[in-house]
Amino acid sequence: MASRDLLFELGTEELPPKALHPLMTALRDETAARLEKAHLRFESIKAYATPRRLALIVHGLAETQPDKSEVRRGPALQAAFGPGGEPTPAALGFAKSCGVEVADLETLKNAKGEWLCCQIHTPGARTQDLIGDVLQQSLAALPIPKRMRWSDLEVEFVRPAHWAVLLFGEEVIPTQILNLKAGNITFGHRFHSPEPLTIANPDHYAQLLFSEGWVIADFDERQARIEEQANKLANQAGGRAHIDSALLQEVTALVEWPVAVMGNFDERFLQLPPEVLITVMQSHQKYFPVRDDNHALLPCFITMANLDSKRLESVREGNERVIRPRLADAEFFWHQDLKIPLEQRLAQLAGIIFQHKLGTLLDKTRRLEKLAVLLADKLHSDSGTALRAAQLSKTDLTTEMVGEFPELQGIMGRYYAQAQGEHEEIAAALEEQYRPRFAGGPLPETRCGEILALADKLDTLVGIFSIGQIPTGAKDPYALRRAALGIIRILIEKQLDLDLKALLQASAENYSHDFDHPQVLATLENFIFDRLKGYLLEKGFTADEFEAVAALKILNLLDFLHRIEAVHAFRQLPEAESLAAANKRIRNILRKSGLTTFAAVDSDRLQAPEEKALLTAVDQARKEINPFLHRRDYTQALQRLAQLKQTVDAFFDHVMVMVEDESVRQNRLNLLHETAALFLQIADISRLQG
């Protein structure tokens, strides 16, 4: 089938930089999905994005859909013709619907009967006739939270659109896209190349923009150039560029023709905490900081100009003028904040709302104090240290520095606590309470930090759930999913032997407003377990292994981990599949029996040698696995229980459970209940799939 390359470009006003890369990948993926749905074959798709354009090239796009042939079945032969062989209304109507005469119809015959049928051949539609709708639907499906209108048009997009290109090989497809007639005219850099550029064919697109338009259209290529230029300038200054991946992507989305420029600032600002300088440079100015070989900051930065200016010195001076007052403000905040000890700031928390239904940050602090002491006692840690950390935990939110740079909460608490002579573990905990700050981020390193991080997350989860603000869809304004995952990671990866249910109950008791405690806590437990399942699946465990342990409602997550590790090891054993099936069979028999209570097995009522052997094996296994269970060596326990396979198989091969004699039947059900109970001390292995 003949094919050509297709180029689509949408020129816009400056697109949101943090959204540019997601928009580019989404456009590629949405277009690919819709081409496949439209049965338009293609080889690959290459996406492009700059601040002023989204584009893609579809390589090897078929010129038409494949032709379609189908057999349409009509009325049964006996209903299609009258006694004299004349076509009935059913046959005439079917022929008319197919666009043919009755004489042109064929007969379909199989074992079930005979019918009139018609061979329908539908030529494939041309790509030129379909691609406009494909692209319009793809643009409409892009992840844009708020779309805007412009001029007096009804169309909507993330930013106003100014031109559209749609080339199929060398052919222009003049379809309407966002009220723009597509052509073959693009525009280069706003200042270096403001005149229109004509694209001959898709293959020339990127090279034309580069050589004549002063635009590097390929996002990855532009990003690599930025990183290379930044590193080169930093090396010249005797340091290394501190390149945050998110900032690198954002800067790539801000420029079409990157030119690195190095600027400097006064060395006195290096006395400020490095996180302050980095926040000013990265978050507010989009600069790359520079570090020396010892990882200390140097008094310089790297910025990316979006043009190849003949007066780069002026660009440097302009950026230096901008950052100087920013750093001076931070310096002022630092010195002002140090004048008021954190402890004296505690009362100010009464004027800051945590959540209007849950009170102020002072209310939250008092709850954290109770939780922190409880956790410290359970972990045999110093409760006084934990209490002090909880008291000071939110005080840095009242400082000038955090007011200006909210992302420094906790970090500034640590610096202020250190400067004011607080114990080092308390100072560290003020920063570590927010860990992990992002998925996969570092966990608290101190025990006090672990305690405060758990207390903070537990209090937030219970409080927000208690007022019914449970996350739905993508909306999670209080970052409750991250909080739940943080609790999971801290408990498991820091090996904290704590009962999550007891912690949630203790947290709920700290709230004074009225809510349904059992219902809220049950909902919250399910919410956390959903996160736990995802966490463990990422670690390589399977869904049925998770369900096998989750069936026991184990709320000590460290214990849960030990059990699922044991189940994972157990299923590698040759006996696992048979024992899992036997446990499933036992559960079904017990359920169908209708019994809810079971007694001890009466050995005198056992008749068959196989049931006597099973009781002996169960009793012996119970004695032998008890030491393993006591030290939570569930792997050894399951390996020992695996030895029951032959005895269990023999029981089911030779013993009928549901006999007429009620006492014998009850006794055998009791024996099966005891057998299943052995495994249920670890997990419900009947949940394992074959």
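Quick rundown of the values:
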read-out: Scope the range 579-604; condition in a loop (DSSP other than H, G, I, E, B) and among the charged types (D, E, K, R); matching residues; value: ASP602
read-out: Condition met for GLN348 (part of a helix (DSSP H, G or I) and over 21 Å from GLY449 (Cβ atoms)); value: yes
read-out: Qualifying residue in the range 174-181 (condition: within 28 Å of PRO258 (Cα to Cα), touching a Leu at 6+ places or on another chain (Cβ under 7 Å) and not charged (D, E, K, R)); value: no
read-out: So ARG321, is it surrounded by 14 or more Cβ atoms within 10 Å (Cβ to Cβ), at pLDDT 95 or above and among the charged types (D, E, K, R); value: no
read-out: Any chance ALA200 is part of a loop (DSSP other than H, G, I, E, B), within 32 Å of the chain's Cα centre (by Cα) and more than 19 Å from THR303 (Cα to Cα); value: no
read-out: Top-ranked residue of the range 424-462 - restricted to ones that are among the small types (Gly, Ala, Ser) and in contact with a helix residue (DSSP H, G or I) (Cβ under 8 Å, 6 or more places away or on another chain), ranked as nearest to ALA502 (Cα to Cα); value: ALA455
read-out: Candidates GLN78, GLN136 - the one that is more than 29 Å from ARG41 (Cβ to Cβ) and either of a type in the set (Lys, Arg) or surrounded by fewer than 18 Cβ atoms within 10 Å (Cβ to Cβ) (or both); value: GLN78
read-out: Filter result (under 14 Å from VAL276 (Cβ atoms), touching a residue at least 40 places away in the same chain (Cβ under 8 Å) and surrounded by 20 or more Cβ atoms within 10 Å (Cβ to Cβ)) within the range 412-440; value: MET412, GLY413, TYR415, TYR416
read-out: VAL261, sole failed condition from (1) touching a Phe, Trp or Tyr at 6+ places or on another chain (Cβ under 8 Å); (2) in a strand (DSSP E or B); value: (1)
read-out: Members of the range 286-308 found to be under 17 Å from ARG225 (Cα atoms), touching a Gly at 6+ places or on another chain (Cβ under 9 Å) and touching a residue at least 60 places away in the same chain (Cβ under 8 Å), listed by number; value: ILE302
read-out: Selection count, the range 662-690, where residues are within 14 Å of LEU552 (Cβ to Cβ) and hydroxyl-bearing (Ser, Thr, Tyr); value: 1
read-out: Scope the range 205-223; condition free of Cβ contacts under 8 Å to residues at least 40 places away in the same chain and within 24 Å of THR25 (Cβ to Cβ); matching residues; value: GLN207, LEU208, LEU209, PHE210, GLY213, ASP220, GLU221, GLN223
read-out: Residue ID - farthest from ARG126 (Cα to Cα), chosen from residues in the range 194-216 that are hydroxyl-bearing (Ser, Thr, Tyr) and surrounded by fewer than 18 Cβ atoms within 10 Å (Cβ to Cβ); value: SER211
read-out: Among (1) among the polar types (S, T, N, Q); (2) in a helix (DSSP H, G or I); (3) modelled with pLDDT under 95, the one test that THR279 misses; value: (3)
read-out: Matching residues in the range 123-148 - criterion: being under 31 Å from the mean Cα position of the chain (by Cα), outside any strand (DSSP E or B) and either closer than 14 Å to LEU15 by Cβ or not aliphatic (A, V, I, L, M) (or both); value: ASP133, GLN136, GLN137, SER138, LEU139, LEU142, PRO143, ILE144, PRO145, LYS146, ARG147
read-out: Residue in the range 62-72 that is at pLDDT 95 or above, surrounded by 15 or more Cβ atoms within 10 Å (Cβ to Cβ), closer than 20 Å to ARG147 by Cβ and of a type in the set (Gly, Ala, Ser) present; value: no
read-out: Selection status of ARG631, basic (Lys, Arg) and free of Cβ contacts under 8 Å to residues at least 24 places away in the same chain; value: yes
read-out: Selection from the range 271-318 of residues that are among the aliphatic types (A, V, I, L, M), over 15 Å from GLN236 (Cβ atoms) and surrounded by 13 or more Cβ atoms within 10 Å (Cβ to Cβ); value: LEU272, VAL276, LEU277, ILE278, VAL280, MET281, LEU297, MET304, ALA305, LEU307, VAL315
read-out: Long-range neighbours under 7 Å by Cβ, at least six apart or interchain, first residue closer than 19 Å to ALA580 by Cβ within the range 536-558, second surrounded by fewer than 18 Cβ atoms within 10 Å (Cβ to Cβ) and basic (Lys, Arg); value: PHE546/LYS533
read-out: Residue in the range 332-349 that is surrounded by 15 or more Cβ atoms within 10 Å (Cβ to Cβ), within 35 Å of the chain's Cα centre (by Cα), in contact (Cβ under 8 Å) with a residue 24 or more places away in the chain and outside the structural domain of ASN235 (by TED's automatic domain parsing) present; value: yes
read-out: Of residues in the range 530-545 being among the hydrophobic types (A, V, I, L, M, F, W, C) and out of contact with any Phe, Trp or Tyr (no Cβ under 9 Å at 6 or more places or on another chain), the one surrounded by the fewest Cβ atoms within 10 Å (Cβ to Cβ); value: ALA543
read-out: Residue that is surrounded by fewer than 16 Cβ atoms within 10 Å (Cβ to Cβ) and assigned to a helix (DSSP H, G or I), where the choices are ALA230, ALA224; value: ALA224
read-out: Any hit, the range 599-608, residues being farther than 26 Å from VAL549 by Cα, acidic (Asp, Glu) and surrounded by 14 or more Cβ atoms within 10 Å (Cβ to Cβ); value: yes
read-out: Some residue of the range 446-453 being within 25 Å of GLY413 (Cβ to Cβ), at pLDDT 95 or above and assigned to a loop (DSSP other than H, G, I, E, B); value: yes
read-out: Selection from the range 572-594 of residues that are within 15 Å of ASN670 (Cβ to Cβ) and surrounded by 19 or more Cβ atoms within 10 Å (Cβ to Cβ); value: ILE586
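Results for (1) surrounded by 18 or more Cβ atoms within 10 Å (Cβ to Cβ); (2) of a type in the set (Gly, Ala, Ser); (3) free of Cβ contacts under 8 Å to residues at least 60 places away in the same chain; (4) under 21 Å from GLN223 (Cβ atoms), shown as yes or no for each residue.
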residue	(1), (2), (3), (4)
MET1	no, no, no, no
THR31	yes, no, no, no
PRO51	yes, no, no, yes
GLY74	yes, yes, yes, no
GLY85	no, yes, yes, no
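Table: residues versus (1) of a type in the set (Asp, Glu); (2) buried (at least 18 other Cβ atoms within 10 Å of the Cβ); (3) without any contact (Cβ under 8 Å) to a residue 24 or more places away in the chain; (4) outside the structural domain of GLU424 (by TED's automatic domain parsing).
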| position | (1), (2), (3), (4) |
| --- | --- |
| LEU443 | no, no, no, no |
| GLU450 | yes, yes, no, no |
| ASP456 | yes, yes, no, no |
| PHE465 | no, yes, no, no |
| THR472 | no, no, yes, no |
| LEU496 | no, yes, no, no |
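The values are calculated or read from the model by the stated rules, or taken from the named source; none is laboratory data. Keep in mind that this is a model prediction, so the values were computed, not measured. Quick reminder, even Gly has a Cβ in these numbers, built from the backbone with ideal geometry, and neighbours come from all protein chains shown.
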